[in-house]
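The values are calculated or read from the model by the stated rules, or taken from the named source; none is laboratory data. As the structure is a computational prediction, the values presented were derived from the model and not from experiment. Because the Cβ atoms are built from the backbone with ideal geometry, glycine has one as well, and the counts that use them run over all protein chains shown.
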């Protein structure tokens with residue numbers, strides 16, 4: 001495809017992040033397993049004004065039924081919906097022109113970026129810490 005380089009704000013002019021889907025009170029939504037583990041509803045996204053950004057691939061943990069997710073929908077910031085109860089490295093690949101830029105980032109780190117402005121909200125802080133435990 002092209003040269004693989006580290007995906008960063010310097011390379012694509014944007015940010016890759018994740019956000020919990022929130023209920024009406026602004027709390028993370030989830031479904032609970034019989035064991036009590038909370039599977040949170042999460043959106044992965046990459047916001048960028050780079051006109052050469054064509055598509056984004058998210059490589060999730062191999063335990064997912066469909067661990068490779070692709071989006072070419074620039075209008076939704078290349079959003080991909082997932083659920084997760086635990087932390088793992090997500091490989092994010094961005095096709096920018098003829099170049100494939102990639103970075104491996106922990107899901108919890110992506111959530112911290114996506115919820116930077118709401119990190120003081122106890123429910124979001126608790127949910128991120130719950131993700132980090134598994």
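Taken together, 40, 45, 58, 64 contain a single residue that is surrounded by 13 or more Cβ atoms within 10 Å (Cβ to Cβ), at negative phi and in a loop (DSSP other than H, G, I, E, B), which is 64. Would you be able to say whether some residue in the range 13-29 is under 20 Å from residue 102 (Cβ atoms), modelled with pLDDT of 95 or more and buried (at least 20 other Cβ atoms within 10 Å of the Cβ)? Scanning the range 13-29 turns up at least one residue that is under 20 Å from residue 102 (Cβ atoms), modelled with pLDDT of 95 or more and buried (at least 20 other Cβ atoms within 10 Å of the Cβ). Exactly one residue out of 123, 81, 93 is in contact (Cβ under 8 Å) with a residue 24 or more places away in the chain, more than 10 Å from the chain's Cα centre (by Cα) and assigned to a strand (DSSP E or B): that is 93.
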